[in-house]
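Encoded as structure tokens, the structure appears first; notes follow it.
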Amino acid sequence: MINKSILISFVFACMMFSFVSADTWKEIACDVHDLEQEWCKHISNNYSWPYCVTSFSARDNEVSDVDYAKSCIWPALTNRLSSIKDREISIDEFSMRDVIELYCLSLYWNSDTWRIYFAKPSGQTDSWDWQQTFDSHQSLFLYGLCSSFKDKDWNTPFVTWDSLSGVYKWDLVQLLKLQQISDRKDLCSLENDSSLADCDMSIYATKIYEGMMSDLYKIAYAQVLNLNSIENFEAEQMEKVEKFMSWYFLIHESYPVLKGEFPKAISTLESNQKYYKKVLASLKIIDNSMLASLSIKSKCPVKWNMTWLNFVACALHASQWHWPALTLPFLTLIYNEILHYRQFVTFYQNWLSLKIEAMWMNSTQEKNVRIYQSRLSDFKKYFDMQIDATKWAQREFEEFSMTYPIHIWMLLNIERTEKFRNFGLSPEITLFYSLSEKLKNVQLPS
């Protein structure tokens with residue numbers, strides 16, 4: 001179950017050790033480099049290694065919580081827009097477009113700026129666990145938001161390094177109906193207003209987060225039933241049933257044998273799989289068929305470093321090879337999305353607060369000030385509601401992933417018991433009753 005305080009603790013726990021490839025993480029990041037002065041690109045050896053790594057192996061009162069690495073992550077986007085000074089413009093001139101551009105290019109650009117990139121070490125070696133690696137370049141929310149803005153030539157000016165191309169079925173603006181029409185113009189279109197001054201991000205960003213999270217959990221639920229995609233469903237359903245029984249119960253039998261021995265349980269499983277085929281068919285934005293195919297090609301090996309689009313594919317589909325449906329990569333994917341969504345909300349709210357303060361000082365009409373104030377309060381309200389919804393969705397998925405196999409197991413057990421009663425126990429009961437009649441003393445009154 002996701003909790004905001006737990007999330008913050010988890011995120012900052014992932015900022016304890018930093019390293020480059022030469023020495024240990026602690027020596028390089030904590031004893032050599034002053035992260036307040038050094039670029040994170042240098043610390044991470046040009047992003048070939050995570051610059052923020054956590055370890056929980058402290059012994060003999062060793063201090064393992066090295067906190068310096070957090071200076072690489074939060075201040076650039078949450079220090080009340082200090083980057084405005086670098087651009088030598090006032091808060092009045094810092095537009096909504098500047099907010100989106102600064103956020104996207106800071107986190108989604110292959111540069112020495114402020115990309116979030118940290119991981120948990122894998123074992124005792126100088127490597128990291130790809131299943132628990134946070135990376136801005138594999139955030140679906142970040143990519144969705146930044147790539148949704150297109151100019152008149154259909155270019156994406158806020159995405160200069162594309163690592164998730166193809167993850168979405170089509171244009172998110174059309175799929176999620178992100179247009180905000182006024183006077184027959186889309187207020188969130190760069191073609192109509194390059195400054196995006198009247199685009200209400202409290203609606204725009206929340207729609208992207210909602211659509212993305214809805215699709216992610218639909219895919220995860222289908223995984224519990226060993227259902228990857230809707231492609232070739234009818235032709236492969238018998239194989240899916242066989243794999244489900246082998247995966248959960250180590251019953252390695254062919255479909256005809258399973259259907260003959262457990263007709264009710266298999267019928268229930270098939271019916272549920274057909275239902276979740278419809279669920280997968282209802283996905284709005286994520287191209288699940290492409291991701292499922294990609295996961296099959298990569299086979300999602302545990303010890304390899306899975307990044308970017310491969311990470312997303314394996315986070316959603318790796319359970320078919322190694323784990324139950326509730327996997328570490330999936331949890332990391334969910335927390336990674338919450339992290340970047342929260343980062344954007346914080347950044348946007350800081351800008352709105354400064355904007356409102358400047359408007360009051362400049363004696364702007366109260367009506368215009370109230371518009372920005374409503375956007376600030378709306379975004380906070382929507383964000384709190386969505387985090388609560390995410391907590392609920394996570395709790396429900398955890399319960400489903402743990403109880404559904406038990407449900408099928410109980411059906412299997414009931415059928416076996418019924419079969420024993422009808423075909424194994426009945427002959428024995430008949431013999432027992434016959435023996436009872438033969439040994440009965442007929443002289444006793446009935």
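The values are calculated or read from the model by the stated rules, or taken from the named source; none is laboratory data. Remember, predicted model here, so these are calculated numbers, not experimental data. Cβ atoms come from the backbone with ideal geometry, glycine included; neighbour counts cover every protein chain shown.
Below, the figures for the structure above:
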| quantity | calculated |
| --- | --- |
| Only one of Leu316, Leu269 that is crowded, with 17+ Cβ neighbours inside 10 Å, in contact with a Pro (Cβ under 9 Å, 6 or more places away or on another chain), closer than 30 Å to Met410 by Cα and in contact (Cβ under 8 Å) with a residue 40 or more places away in the chain | Leu316 |
| Filter result (in a helix (DSSP H, G or I) and surrounded by fewer than 23 Cβ atoms within 10 Å (Cβ to Cβ)) within the stretch 131-143 | Ser136, His137, Phe141 |
| Only one of Trp351, Trp308 that is among the aromatic types (Phe, Trp, Tyr), under 21 Å from the mean Cα position of the chain (by Cα) and surrounded by 14 or more Cβ atoms within 10 Å (Cβ to Cβ) | Trp308 |
| Matching residues in the stretch 372-421 - criterion: being more than 27 Å from Leu225 (Cα to Cα) and surrounded by 14 or more Cβ atoms within 10 Å (Cβ to Cβ) | Tyr372, Gln373, Arg375, Leu376, Asp378, Phe379, Lys380, Tyr382, Phe383 |
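Every residue, every condition in (1) touching a strand residue (DSSP E or B) at 6+ places or on another chain (Cβ under 9 Å); (2) modelled with pLDDT under 70; (3) over 29 Å from Leu250 (Cα atoms), yes or no:
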| site | (1), (2), (3) |
| --- | --- |
| Asp388 | no, no, yes |
| Phe397 | no, no, no |
| Trp409 | no, no, no |
| Glu418 | no, no, no |
| Asn422 | no, no, no |
| Phe432 | no, yes, yes |
| Lys438 | no, yes, yes |
| Gln443 | no, yes, yes |
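To keep it simple, each residue is scored yes or no on (1) of a type in the set (S, T, N, Q); (2) closer than 30 Å to Val345 by Cβ; (3) out of contact with any helix residue (DSSP H, G or I) (no Cβ under 6 Å at 6 or more places or on another chain).
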position	(1), (2), (3)
Ser194	yes, yes, yes
Met212	no, yes, no
Tyr221	no, yes, yes
Asn226	yes, no, no
Ser229	yes, no, no
Met238	no, no, no
Val257	no, no, yes
Ser267	yes, no, yes
Val279	no, yes, no
